[in-house]
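**Q** Have a look at the structure that comes next, please.
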Amino acid sequence: MHWAPQSAQKVLRSEATALIASLGKESHWTQALHTLAELRVTGPKPDAVLLGAAVAACGRGKAWQHALELLDETQRLSLPDLCLWRMCAQSPPFDMASAVPLVTGGGSGIGLGLAEEFLKLGATKVLISSRREEVLKAAAEKHAGKIHYLVSDAGKEQDRAALLKWVESDHPDCNVLVNNAGIQRRVAPATDEAPWSERAAEIEINFAGPVHLCALFTPHLLKQKQAMLANVSSGLAFVPFTAGPVYGATKAALHSYTLALRYSLEQTSLRVVEIVPPAVKSNLGGSHDFGEECDVFCAAVMERVAAGELEVGFGFSESGRLADRVTNQQAMVGISKQMNVQTYAAA
Ligand SMILES: NC(=O)c1ccc[n+]([C@@H]2O[C@H](COP(=O)([O-])OP(=O)(O)OC[C@H]3O[C@@H](n4cnc5c(N)ncnc54)[C@H](OP(=O)(O)O)[C@@H]3O)[C@@H](O)[C@H]2O)c1
């Protein structure tokens, strides 16, 4: 294949795009990649449209790894629509020395890991809450004077209101809320005869609780110089979870809610963060002894949150969220902006 000189770049790029697209339609994804490789050496620089054609070709050939790598490259291009989501997904670094976080479910598992990372990154006071006092007490004793706790059930409306009251009266300097508390029921849906209350509890703790706490804490956090709402979703927010359909749906809902909140608050001092764990070793669902080491995961995500990233995954949840971002969220942001979405002015 021969590519003409620089002056004819525009036409040639469209020709190359058409060629790669037609190879993709015929499921010749290896040839499409070969053409792309040749183009990189001799032709015009690939743009997002051309890369998109190559992604589609790889998708038809089920060459997912190649498709993801190309999607990643697409995101690094400075194109207006891609700039938009990048802008939404990055803020200035967060001053961790002045962070006073409240982490729900912070006495064990990922919650305790995140709480300890706040301390390592410079915070001098961390607040934690959950249902079991003995677990909270053990964490507070381990970090004497630095961790303070309140027994509180994130699945109960009155407990959530009491959590805000405790913060306002005893810790008014609290400037971060991490909605981490969560449960997971692994079931076979066709034969799941558990009472409705079990599914309702999963919805209440994983989704209704964070939504209510975000609403309760937003006015308090907006009064702070810098502030953060961080929701812990899951890589399962981006793919159906057959072993726990309600769990997956609560996380998908939390992801959607978090995005909407981020866009509506983007002009204010309150940043909205989403932490997207992959499988991490913890007690989720009774036992979860497979996946990433909890401390490795927490250290990696908190470093990026401190640097200002607003949506942070790890391992498979990172590639999953990036793929989702390019295919769906670009369109979603564009549509949202046309619909006169309510946004809030800077403080
Ligand atoms: N581990 C994973 O593979 C994974 C993957 C993706 C997402 N996540 C998410 O990460 C978050 C933390 O999970 P984990 O893996 O650390 O699980 P975990 O080891 O089971 O810890 C869950 C924590 O949440 C607290 N909690 C549960 N229900 C609560 C309630 N109603 N009110 C207040 N606190 C409650 C628990 O404390 P008490 O029992 O004392 O209340 C515990 O501290 C969850 O949102 C989970 O969905 C985990």
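The values are calculated or read from the model by the stated rules, or taken from the named source; none is laboratory data. As the structure is a prediction and not an experimental result, all values here were calculated from the model. Positions of Cβ are generated from backbone atoms using ideal geometry, with glycine treated the same way; all protein chains shown enter the neighbour counts. For accessibility, only protein heavy atoms count, side chains too; no ligands or nucleic acids. Shrake-Rupley method; radii C 1.70, N 1.55, O 1.52, S 1.80 Å.
**Q** Would you check which residues across segment 126-151 are within 11 Å of the ligand (Cβ to nearest atom) and assigned to a strand (DSSP E or B) and list them?
**A** 128, 129, 130, 149, 150, 151
**Q** Scan segment 166-187 and tell me whether some residue there is charged (D, E, K, R) and either within 16 Å of the ligand (Cβ to nearest atom) or on the phi > 0 side of the Ramachandran plot (or both). Show your work before the answer.
**A** Of all residues in segment 166-187, those charged (D, E, K, R) come to 168, 170, 173, 185-186.
Still in the running and either within 16 Å of the ligand (Cβ to nearest atom) or on the phi > 0 side of the Ramachandran plot (or both): 185-186.
There is at least one residue in segment 166-187 that is charged (D, E, K, R) and either within 16 Å of the ligand (Cβ to nearest atom) or on the phi > 0 side of the Ramachandran plot (or both).
**Q** With the checklist (1) under 22 Å from the mean Cα position of the chain (by Cα); (2) open to solvent by 10 Å² or more (accessible area, probe 1.4 Å); (3) within 10 Å of the ligand (Cβ to nearest atom) in hand, flag the one item residue 100 doesn't pass.
**A** The number of the failed condition is (3).
**Q** Just name the residue that is nearest to the ligand (Cβ to nearest atom) out of those in segment 239-284 that are among the basic types (Lys, Arg) and open to solvent by less than 40 Å² (accessible area, probe 1.4 Å). Let's see the steps before the verdict.
**A** Restricting attention to segment 239-284, the residues satisfying the condition of being among the basic types (Lys, Arg) are 251, 262, 271, 281.
From the residues that got through so far, the ones that are open to solvent by less than 40 Å² (accessible area, probe 1.4 Å) too are 251, 262, 271.
On the way: 251: 7, 262: 18, 271: 20 Å.
For segment 239-284, the residue satisfying everything is 251.
**Q** Test residue 235 against the stated conditions and say whether it is within 10 Å of the ligand (Cβ to nearest atom) and at pLDDT below 95.
**A** Considered against the rule, which asks whether it is within 10 Å of the ligand (Cβ to nearest atom) and at pLDDT below 95, residue 235 comes out as yes.
**Q** Of the residues 199, 160, only one is within 13 Å of the ligand (Cβ to nearest atom) and of a type in the set (D, E, K, R); which?
**A** On the way: 199 fails: within 13 Å of the ligand (Cβ to nearest atom).
Selected residue: 160, the only one of 199, 160 that is within 13 Å of the ligand (Cβ to nearest atom) and of a type in the set (D, E, K, R).
**Q** Let me spell it out: the conditions are (1) in contact (Cβ under 8 Å) with a residue 12 or more places away in the chain; (2) open to solvent by 60 Å² or more (accessible area, probe 1.4 Å); (3) under 20 Å from residue 123 (Cα atoms), and residue 186 meets all of them except one. Which number is the exception?
**A** (3)
**Q** Restricting the search to segment 114-125, which residues are open to solvent by 10 Å² or more (accessible area, probe 1.4 Å) and not in a loop (DSSP other than H, G, I, E, B)?
**A** Going residue by residue through segment 114-125, those that are open to solvent by 10 Å² or more (accessible area, probe 1.4 Å) are 116-117, 119-122, 124-125.
Within segment 114-125, 116, 117, 119, 120 meet the criteria.
**Q** Another question, then. Considering segment 143-175 alone, what residues qualify as being farther than 10 Å from residue 127 by Cα and among the β-branched types (Val, Ile, Thr)? Quick ask: steps written out before the conclusion?
**A** Let us first name the residues in segment 143-175 that are farther than 10 Å from residue 127 by Cα, namely 143-145, 151-166, 168-170, 172-173, 175.
151 - this is the single residue of segment 143-175 that is farther than 10 Å from residue 127 by Cα and among the β-branched types (Val, Ile, Thr).
**Q** (1) crowded, with 22+ Cβ neighbours inside 10 Å; (2) modelled with pLDDT of 95 or more; (3) within 13 Å of the ligand (Cβ to nearest atom): which one isn't true of residue 217, the others all being true?
**A** Here residue 217 clears every test but (3).
**Q** How many residues does segment 189-200 contain that are closer than 17 Å to residue 131 by Cβ and open to solvent by 40 Å² or more (accessible area, probe 1.4 Å)?
**A** Final tally of qualifying residues: 2.
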